[in-house]
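Report on the structure given below.
The values are calculated or read from the model by the stated rules, or taken from the named source; none is laboratory data. A quick note: this is a predicted structure, and the numbers were derived from the prediction, not measured. Cβ placement follows ideal geometry from the backbone for every residue including glycine, while neighbour counts extend to all protein chains displayed. Accessible surface is based on the protein model in full, side chains and every heavy atom, while ligands, DNA and RNA are left aside. Shrake-Rupley method; radii C 1.70, N 1.55, O 1.52, S 1.80 Å.
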Amino acid sequence: GSPPPPPRGFLAAIAFDDAHAARECRGADAPGAADSDYELWSPADVFASSVSGRCILGRHVEYVRRRADVRCHNPSAFEVTARETTCPCANDDYECDYCYEPVPGTGGHDDVADVAPLECARAQSDECAAYFRVNDRCALGVRNVSAAGQRLVPNTRCTFGSGAVDYRVTQEQCTKGSAPPPGTGGGGGGG
């Protein structure tokens, strides 16, 4: 006769008998304590070398998680908890505004200090030249003023106040057709 057909699959048996042999974890309410099997972890831990590095998009979030060096399993009632605090606005909460471009060599992380300030300069496109003509000459009766040419990164939750970096765009009423006051940086984006 003919040879048997080749096998089409396989069957495997996996024993999960020892999967929950370890004890139930303890101390979720006191992560980091000596007798706790849990620790606090933050996605921002990789940026811990910079001053504002503990914050991402204006907030610092810490999660309670089981320590990697402990052999235990989470109780069935365990729920992942997060602690969130908002942070003062810092340089890394900003980006160049509409019709502004980053100045090469500015911005970025410094191993010792905060994120270096990003410098933004007016973009030279025809579209942006038209925008600045309308804004600078107060064609609409209101002018955006941005000395830094920056805006907050979308979805940041940083707060303003003591110690916060504040590059917010402000609007001022103006007489249609008037030039911007000296030293205001001229037009700014819509933020």
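Of everything in region 28-45 that's open to solvent by less than 20 Å² (accessible area, probe 1.4 Å) and within 21 Å of residue 73 (Cβ to Cβ), which residue is nearest to the chain's Cα centre (by Cα)?
Quick first cut of region 28-45, residues open to solvent by less than 20 Å² (accessible area, probe 1.4 Å) only: 36-38, 42, 44.
The next check asks that each one be within 21 Å of residue 73 (Cβ to Cβ); those that pass are 36-38.
Numbers: 36: 30, 37: 29, 38: 26 Å.
The residue in question is 38.
Restricting to region 54-91, name every residue that is touching a residue at least 24 places away in the same chain (Cβ under 8 Å), touching a helix residue (DSSP H, G or I) at 6+ places or on another chain (Cβ under 6 Å) and either more than 22 Å from residue 30 (Cα to Cα) or among the acidic types (Asp, Glu) (or both). If the condition is that a residue be touching a residue at least 24 places away in the same chain (Cβ under 8 Å), touching a helix residue (DSSP H, G or I) at 6+ places or on another chain (Cβ under 6 Å) and either more than 22 Å from residue 30 (Cα to Cα) or among the acidic types (Asp, Glu) (or both), then 58, 90 are the ones that fit.
What is the one condition in (1) among the aliphatic types (A, V, I, L, M); (2) at pLDDT below 80; (3) farther than 25 Å from residue 57 by Cβ that residue 134 does not satisfy? Here residue 134 clears every test but (2). Restricting attention to region 80-128, the residues that are in a loop (DSSP other than H, G, I, E, B), open to solvent by less than 40 Å² (accessible area, probe 1.4 Å) and at pLDDT 85 or above add up to 6. Residues of region 162-179 that are open to solvent by 50 Å² or more (accessible area, probe 1.4 Å) and in contact (Cβ under 8 Å) with a residue 60 or more places away in the chain: 162, 163, 166, 167. Residues in region 146-181 that are in a loop (DSSP other than H, G, I, E, B) and charged (D, E, K, R): 157, 166, 168, 176.
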